[in-house]
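The values are calculated or read from the model by the stated rules, or taken from the named source; none is laboratory data. Remember, predicted model here, so these are calculated numbers, not experimental data. Please note: Cβ atoms are built from the backbone with ideal geometry, for glycine as well, and neighbour counts cover all protein chains shown.
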Amino acid sequence: MAPIGFPQANLRRRKDNMAVAAASRPGTVRWPWRFWTRQLVWAAVDFVFPPRCAGCGRPGQRFCAACRSEVTPLRPPFCEGCGYPVRQAGLCRQCQSGAESLRSLAGVRSAAFFEGPLRQAIHQLKYQRDVILADSLAGLMSAAEPGSAPAGSLVVPVPLAPARLAARGYNQAGLLARTYADLRGLRIAPRGAVRVRQTESQVGLSARQRRLNVAGAFAAEVGIVAGERIVLVDDVCTTGATLDACAEALLAAGAAQVWGLTLARARLADLRADALLKPAGGGY
Ligand SMILES: [Zn+2]
Ligand SMILES: [Zn+2]
C-alpha cells in the first residue's frame, strides 16, 4: 500500500535504513546532516509521487522488505586474486584458470550478487533516473562492507566519461559513494578520479578484452589523493578490470592503497554467458 502521509513514509524509511546500518558496525556509523536532509526531501517527494519498489514493482517503498530479504550479503572467504566469494580460501576458478588477477587494488568487496531484485534495482538506478533509490541501495552496501576500509579512508567514485555523464545527468557510482561516505562518516572526493578517454561498453568482452578496453582510461589528481587510503566505489563489479584500471591511476597519483567496493558482483557463470553476447551500448 502506498504511503499516505509524510510522517509514515519517513518513519518507515528511517527504520529500514537504521536497521541496515546498525548491522554493519555499531558504534561507528554516523548520521551526518546531509544524509538526513536528503531523507526529508525524499519523503516530501514520496508524499507527492508515491514510489514503487525497484525490485518487484509493488507500491509503497523504493526497495521493499521482501526484495531486501532476497539480497544475500556476500560472505568470506573471498578469492585472494579478485575478491570473488569462494568456498575455501585461495583462488576462484577464474583466477585458477590463468585469468589475470587484479594488479592495483588491495582487494574488492561487493554487497551481493548481481541478480534478482538487486539487479532490477540497479538497472532502475542507472537507466530510469531513479536517483533517490541510491540512498536505499547504498545502505545495503554499507551494511555488507566487511570493514576492510580503514578509518579515515577517502571515498572516490569510479567516474563516467564526460559525454556519458552529460547524457545520463548523474553518475550512479557517485550517488552510491556519497551515501556510503555519509553512512560511514568518511570523506568523499567526487572528482578524485576522472576519465581521460571514452571507452567502449564492457558488455560482451572477455576478461582480457575488458582490461585492454579500460587501460589508461583514468587519471587522478595528486593534490586530492596523494597519501590517501581510498575506497573506490562502483555499482557493479564484473571482472574488476574497470576498478583496477582506476586504482592504477590513483596509485600513480600517490594514493597509499585502494580498495574496490561495489554494490553488486556479477556471477562467474553470468560472465561466461555475457562473453557470448555481441557488445551493446550502455553496459557496465
Ligand atoms: Zn520489492
Ligand atoms: Zn579470483
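Some points to look at:
- Matching entry among 167, 181, 121, 138 (being over 30 Å from residue 254 (Cα atoms), buried (at least 21 other Cβ atoms within 10 Å of the Cβ) and of a type in the set (Gly, Ala, Ser)): 121
- In segment 42-64, the residue that is farthest from residue 133 (Cα to Cα) out of those that are aromatic (Phe, Trp, Tyr) and more than 8 Å from ligand 1 (Cβ to nearest atom) is 47.
- Within segment 91-116, being touching a Gly at 6+ places or on another chain (Cβ under 6 Å), part of a loop (DSSP other than H, G, I, E, B) and either under 24 Å from residue 220 (Cα atoms) or modelled with pLDDT of 90 or more (or both) holds for 101, 102, 105.
- Residues that are under 21 Å from residue 155 (Cα atoms) and either touching a Gly at 6+ places or on another chain (Cβ under 7 Å) or β-branched (Val, Ile, Thr) (or both), drawn from segment 195-213: 196
- Filtering 78, 63 for residues that are within 16 Å of ligand 2 (Cβ to nearest atom), buried (at least 19 other Cβ atoms within 10 Å of the Cβ) and among the hydrophobic types (A, V, I, L, M, F, W, C) leaves a single hit, 78.
- In segment 72-90, the residues that are assigned to a loop (DSSP other than H, G, I, E, B) form Cβ pairs under 8 Å with partners that are aromatic (Phe, Trp, Tyr), at six or more places apart or across chains, as follows: 72/113; 74/113; 84/78; 86/78.
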